[in-house]
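Asks: Take a look at this one; I'll ask things after.
The values are calculated or read from the model by the stated rules, or taken from the named source; none is laboratory data. Computed from a prediction, not measured in an experiment: that's the story for all the values here. Ideal geometry is used to build each Cβ from the backbone, glycine not excepted, and the neighbour counts take in all protein chains shown.
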Amino acid sequence: MGIFILIGLVFMIRLYFLQVTDNRYQHTAENIVLRYVTQYPARGRIKDRHGELLVFNNAAYDLMVIPRQVKAHDTALLCRMLGIDREEYEKQLQKAMHYSYYKPSVFARQISKSDGGLIGEELYRFPGFYLQTRTLREYPRPIAAHLLGSIGEVGKKEIEKDPYYRTGDYIGKSGIEKYYENDLHGKKGMKVLAVDVHNREKGSYQDGRYDTLAVPGKDIFISLDADLQSYGEQLMQNKKGSIVAIEPGTGEILAMVTSPGYDPNMLVGRKRSENYRALRDDTLKPLLNRAISGTYPPGSTFKMINALIALQEKAIRPQTKFNCMGPLSAPIKCTHNHKSPLNLEEAITQSCNPYFWNTFKSTLNKPGDVKQGFENWHRDVVSLGFGTKFNTDIPYEVSGNIPSRAYFDKLYRGSWNALTVRSLSIGQGEILVTPIQLANLVAVIANKGFYYPPHLLRKIEGKEGFPEKFTRKQVSTIEAKHFDIVQKSMLDVFEGQHGTARWYKMDSITQCGKTGTVQNPHGEDHSLFIAFAPLENPQIAITVIVENAGFGSTWAAPIASLMIEKYLTGEVKRKGIEQRMLESDLIHGEKEKTDNN
């Protein structure tokens, strides 16, 4: 009897402890009928320099599933509502069960507001499923897709890197969305809901006592001018290439056009994966941002750099003349018909190849040691923003290539001279630059020797301060006095009697530019033009590259001049030039020519 009484006391004490003192099982029971719903914050909007909305949020839903709570239901009906087949249904359910039998995971994502409303009315038929409120990005103007970037579901590595994210969360994958992710994503909240046995929500648990509010992301203002960007994309329709426009006094990017491009709305919603595959497989490579990832020989535009370096290294003076006539005048022949000899200003205007070969040779020979002269040349080129990344908020930029002394020592086993590397004198050979680096060069020339790193950010709403690296003045090794003659020569390109862009002169705006026809070993030469305006107090520096289009004065120059007119005056009056650029189709014409060959 004593043993039985003792055992009875033990059970009584244990029952008292479980029912009165220990509430673990009470909480477990409550968890069965409680649903913890993440409150996703509204992602910060993106606006242009004038406050125009470029990216905003639209209501959407994710269909969530808790495998443990799933019971027999009309599978065919659910598949019809979601637009999937039975195989996809089983696949998603198995994926959810593999993740967790008890925790919710995404079964179908990015369901539109209208479809979500229809599904919500029938959810009582599907135990274990519920709708999670989300938002989708929307773009009121189909522009600047590469620059703005896109968002997508977080991957395993991103979750491991940052504990803020959970499976099913979205994160910036590219562009502004990726670089400013921490400011844009906001802070998640939590809502605890009571749910009955029929999967119907009965309201907040304990009147929302345990709920937390989501904090919206911060709005971001970027330096882009939406009207200028849109106009640039129109001008580049049916052409391959890019446009980059920068405000010289700040380094702010006014436009960054790459063509062919795509509508950013294509990479939003349930069609994102399908559209991405189509863009990825397109032979015209619309996903490539040519403005920052495309590399080209700079061609004749590089002649101004060699002129500036020669002046800085005291290898020539503005009055120095070189002859370009005769069989022995230069190993690089002149491609233009003009008088000879020329001084520096005339040589830039006429883009005389032999002049700049002699200039380059004089620079390398100046110290008495060609290799030391080359190192001086290399230092000066890099100081102008070439051969390196700007490392601001520009997505996926590449550094291009400025060959070093070590490279040529290895290539030629230490035996080389100016003649060996003569292609560098006219911007060919191993030199590769990006359009944004060329636009930055124009800003350096406009500023007479300095630049601010090109960037996109203007302001983050509610956040004080500005990244110092965006405002740190970068001073080149070239003294300011040497830029006067280069600016005057660039002015003559528009204003001079024989200027290569004289057809695009405007009486109201003093434009300064330089044409380039870039050799392309894989086909037709590239059309290149760089410019800034106005001459006094420059407001815009621009580079235009039209691939496989031939002479710089034929395509790139008029596009650059129209962009300048649009930005500085707000409208374009030269309708004849504009119409020719808008209606020209260089992509399909080039394809037709290739097919015929």
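Asks: For segment 499-539, what are the residues that are under 11 Å from Ser561 (Cα atoms) and either of a type in the set (A, V, I, L, M) or buried (at least 17 other Cβ atoms within 10 Å of the Cβ) (or both)?
Replies: Ala501, Tyr504, Met506, Ile509, Gln511, Cys512, Gly513, Phe529, Ile530, Ala531, Phe532, Ala533 - these are the residues of segment 499-539 that are under 11 Å from Ser561 (Cα atoms) and either of a type in the set (A, V, I, L, M) or buried (at least 17 other Cβ atoms within 10 Å of the Cβ) (or both).
Asks: Select from segment 562-577 the residues that are assigned to a loop (DSSP other than H, G, I, E, B) and either of a type outside the set (D, E, K, R) or outside the structural domain of Phe529 (by TED's automatic domain parsing) (or both) and list them in ascending order.
Replies: Gly570, Val572
Asks: May I pose another question? From the residues in segment 269-305 that are hydrophobic (A, V, I, L, M, F, W, C) and either assigned by TED's automatic domain parsing to the domain that holds Gly83 or touching a residue at least 24 places away in the same chain (Cβ under 8 Å) (or both), which one is nearest to Ile545 (Cα to Cα)?
Replies: Taking segment 269-305 first, the residues hydrophobic (A, V, I, L, M, F, W, C) are 278-279, 284, 287-288, 291-292, 302, 304-305.
Restricting the remaining residues to those that are either assigned by TED's automatic domain parsing to the domain that holds Gly83 or touching a residue at least 24 places away in the same chain (Cβ under 8 Å) (or both) gives 284, 287-288, 291-292, 302, 304-305.
Working: Leu284: 16, Leu287: 17, Leu288: 15, Ala291: 9, Ile292: 12, Phe302: 14, Met304: 18, Ile305: 18 Å.
Step by step, filter segment 269-305, then rank; the result is Ala291.
Asks: Answer yes or no: is there a residue in segment 385-403 that is within 28 Å of Thr320 (Cα to Cα) and buried (at least 22 other Cβ atoms within 10 Å of the Cβ).
Replies: yes
Asks: Give the residues of segment 130-154 that are surrounded by fewer than 22 Cβ atoms within 10 Å (Cβ to Cβ) and more than 21 Å from His185 (Cα to Cα), sorted by residue number.
Replies: Arg141, Pro142
Asks: I'd like to check something: does segment 202-214 contain any residue that is surrounded by 14 or more Cβ atoms within 10 Å (Cβ to Cβ), in contact with a strand residue (DSSP E or B) (Cβ under 6 Å, 6 or more places away or on another chain) and among the hydrophobic types (A, V, I, L, M, F, W, C)?
Replies: yes
Asks: Hand me the list of helices (runs of 4 or more DSSP H) wholly inside segment 106-174 holding 3 or more residues that are of a type in the set (Asp, Glu). Full working, then the answer.
Replies: Values: elements: 113-122, 145-148, 156-161.
Hits in segment 106-174: 113-122.
Asks: Right, something else. Here is a check on your reading of the model: is Asp585 crowded, with 17+ Cβ neighbours inside 10 Å and within 28 Å of the chain's Cα centre (by Cα)?
Replies: No; evaluated as a whole, the condition is false for this residue.
Asks: Let me ask you something else. Need pairs with beta-carbon distance below 8 Å; first residue within 13 Å of Ser105 (Cα to Cα) and within segment 63-91, second among the polar types (S, T, N, Q) and assigned to a helix (DSSP H, G or I); sequence gap 6+ or separate chains.
Replies: Note: pairs meeting the criteria are Val65/Gln92.
Asks: What number of residues within segment 396-430 satisfy the criterion of being touching a strand residue (DSSP E or B) at 6+ places or on another chain (Cβ under 7 Å) and either among the aliphatic types (A, V, I, L, M) or more than 24 Å from Lys333 (Cα to Cα) (or both)?
Replies: Final tally of qualifying residues: 2.
Asks: If you take just the helices (runs of 4 or more DSSP H) that sit entirely in segment 426-497, which of them hold at least 3 residues that are out of contact with any Ser or Thr (no Cβ under 9 Å at 6 or more places or on another chain)?
Replies: So the answer is 435-447, 483-495.
Asks: Still on this model: For His588, which of the numbered conditions (1) in a loop (DSSP other than H, G, I, E, B); (2) farther than 15 Å from Ala443 by Cα fails to hold?
Replies: Against the list (1) in a loop (DSSP other than H, G, I, E, B); (2) farther than 15 Å from Ala443 by Cα, His588 comes up short only on (1).
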